[in-house]
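A.B. asks: Starting off with a structure, shown below.
Derivation of every value follows stated rules applied to the coordinates shown; laboratory data play no part. Remember, predicted model here, so these are calculated numbers, not experimental data. All Cβ positions, glycine included, derive from the backbone under ideal geometry; neighbour counts span all protein chains shown.
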Amino acid sequence: MKTVAHNVLVTGANGFVGKALCELLFAHGMTVTAAIRNEASMQDDRFSSIPVGDIDGNTRWDEALKNIDCVVHLAARVHVMKETASSPLAEFRRVNCDGSGKLARDAAAAGVKRLIYLSTIKVNGELTDGEPFTEQVNSAPLDPYGVSKWEAENLLRQTASETGMEVVIIRPPLVYGPGVKGNFLTLLKSVSKGVPLPFALVNNRRSLVALGNLVDMIRECVANPMAANETFLVSDGEDLSTAELIKCIAKAMGRSPRLLPLPPQWLIAGASIAGKKVLADRLLGSLQVDSGKAARVLGWQPPQTVAQGIARVVDWYEKRG
């Protein structure tokens, strides 16, 4: 099979996903250029790096796009724990819509063959009820981040239709792996310290994706001609309840999980009173994705099992000091 790209520009190259992706592409013989905010933000002599500053509708991409076959656009404004913007949606749109649209137009003008956009499963929604999400979007995303990513997807598809540059969109659910932050890191800390967790009776189903699986899927979309102008959901292919995830983490740590049998309705009520409904949805609700299209169209399967992915993130957690 002919490889689509050899020279790849990765935006957000010094981030959680970006670092792992650059290393994988390099290992597969590709020439990687890292688009970074400033010179001090990446120290790796395997890749050439180009500072582009903040990403918005005014970013200059001409130098970064020279001799590039494929762009992987990871850089984005993501979840903000303590939002300070007076209009969060406007700020998300400035980076995720205006910035992505400008990059796509400049890439097409520079002769780039393909742009791969890392979106989010939030485009589909926040929760599922028995039926996994597919690539078809049946309702509008709910939060400003999801709205901005959905609008960016549509901008990129429009650019593809107008210019002939191929666009590939990937929507992952929660990504975990070495370097993870947020709620997953909090869960690792809680299990490691033996904190009792009240999820023994929670029977939800959550799709996750290990960092190694996500970057391998992106690599496949860089190389595989069949990915052109397609949208893919990606996951580990093994859905877990919150209790099962905790047990998997505990097993990798060589510990016994401390799970308490509190009724889920109690947890929901308590979270609502405490103003933590969003967190409760993530821990108690279901969010499943059907990632079968990647297998059907690309012949891609996740190289890591959930157990292997959890073992890697636990190994990182225990070694980080």
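A.B. asks: Order these peptides, 9-19, 137-147, by their mean beta-carbon neighbour count within 10 angstrom, highest first.
C.D. replies: Numbers: 9-19: 23.2, 137-147: 15.5.
Top to bottom by mean Cβ count within 10 Å: 9-19, 137-147.
A.B. asks: Of the chain, which part is the longest with no GluC sites (Glu not before Pro) in a loop (DSSP not H, G, I, E, B) and with at most 15 other C-beta atoms within 10 angstrom? Can you show the working numbers first?
C.D. replies: On the way: sites that count: 63, 83, 126, 238.
With GluC sites (Glu not before Pro) excluded where exposed in loops, the chain gives 127-237 as its longest stretch.
A.B. asks: With N set to the number of residues, divide the alpha-carbon radius of gyration of the chain by 2.2 N^0.38 Å and report two decimals.
C.D. replies: 1.00
A.B. asks: May I have the extent of the alpha carbons of the range 256-321 along their three principal axes, as whole Å values ordered from largest to smallest?
C.D. replies: 46, 36, 21
A.B. asks: Report, for the chain, the % of DSSP beta bridges that are antiparallel, rounded to 5.
C.D. replies: If we restrict to bridges inside the chain, about 5 percent are antiparallel.
A.B. asks: Report, in listed order, any pair from 19/113; 193/293; 19/247; 19/189; 66/122 with a Cα-Cα distance greater than 31 Å.
C.D. replies: 193/293; 66/122
A.B. asks: Mind ranking 167-180, 282-295 by how tightly packed they are, going by the mean number of other C-beta atoms within 10 angstrom, highest first? Mind showing how you got there, number by number?
C.D. replies: Working: 167-180: 22.1, 282-295: 19.6.
Peptide ranking by packing, descending: 167-180, 282-295.
A.B. asks: Here's another thing I want to ask about it. Run down the aspartates and glutamates and flag those whose C-alpha is under 14 Å from the C-alpha of residue 251, throwing out any fewer than 8 positions away in its chain.
C.D. replies: The reachable aspartates and glutamates, counting only those whose Cα sits under 14 Å from residue 251, are 315, 318.
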